[in-house]
Amino acid sequence: MNPTGMSLRLCLVRHGSTEWSEARRYTGHTDVDLSELGREQARDLAWLSERAWDGVWSSDLSRCLQTAAIAGFEPVPDARLREIDFGEVEGRSWEDLDPQTQEAIVGFESFAPAEGESVVQLRARLASFVSELEPGDHLVFTHGGVIRAFALDAGIDLRPAPGSVFGIGFKGDSISAWDVDNGARSGPGGRGRLAG
């Protein structure tokens with residue numbers, strides 16, 4: 001996704017919990033606020049301000065903007081960072097879905113909900129966003145489906161929890177990834193440091 005061949009690292013933050021996510025309802029473009037739990041999760045992300053970022057970005061939906069603000073950031077909103085448009089699946093729970101839709105969601109790559117957006121379309125807008133970034137370390141407040149799409153590019157099928165952080169780096173055709181859990185980085189480099 002990074003055509004320049006330069007080093008580009010994204011620290012991807014899934015927004016905090018909402019009443020819809022707590023009820024396990026699919027939330028795409030519906031603009032819902034953080035729940036009290038989501039606000040607590042956002043406060044727990046304040047450790048991200050311990051470092052300098054080359055850019056701070058967010059989906060333009062309230063739950064991401066609120067997460068960023070509570071964590072101490074003023075991101076640049078970008079609609080390309082929105083969750084996938086779930087179309088007819090929007091607002092429904094797993095139990096409400098037919099087996100074919102459930103299978104498509106699990107498989108992810110072929111997911112294309114009626115009256116919504118396909119994963120192919122999601123990936124196209126994410127590629128557009130990444131192609132415009134300058135090399136460096138960028139903090140991105142976004143959604144679970146967006147993070148899952150980036151993680152799959154690195155060979156990881158990830159379903160991030162609300163308020164979780166995931167790092168991904170691009171250098172030429174190489175993609176590397178790591179998990180960050182409440183500031184404790186799983187690889188070398190220490191808390192919150194995104195060195196490849």
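Stretched out straight at 0.36 nm per residue, the stretch from D96 to V76 would grow longer than its current Cα-Cα span by 3.6 nm. Expressed as a fraction of 2.2 N^0.38 Å, the C-alpha radius of gyration for the chain is 0.97.
Could you work out the relative contact order of the chain, using alpha carbon pairs under 8 angstrom and six or more residues apart, expressed as a whole percent? Before the final figure, lay out each step's value.
On the way: 412 pairs, mean separation 63.8, N = 196.
33 percent.
Modelled spin-label separation between S49 and S62, with each label point placed 7 Å from Cα along the Cα-to-Cβ direction: 2.3 nm. Under 17 Å from a label point set 7 Å out along the Cα-to-Cβ vector of S128, the amide N atoms of the stretch 43-84 belong to 58-61, 77-84.
In terms of the Cα gyration tensor, with a ≥ b ≥ c the square roots of its eigenvalues, is the stretch 1-103 rounded because a/c is under 1.5, prolate because a/b exceeds b/c, or oblate?
Values: a/c = 2.44, a/b = 1.42, b/c = 1.72.
Taking the square roots of the gyration eigenvalues as a ≥ b ≥ c, the stretch 1-103 is oblate.
Read-outs: derived from the displayed coordinates by stated rules, not from any lab. All figures in this text were calculated on a predicted structure; none of them were measured in a lab. Please note: Cβ atoms are built from the backbone with ideal geometry, for glycine as well, and neighbour counts cover all protein chains shown.
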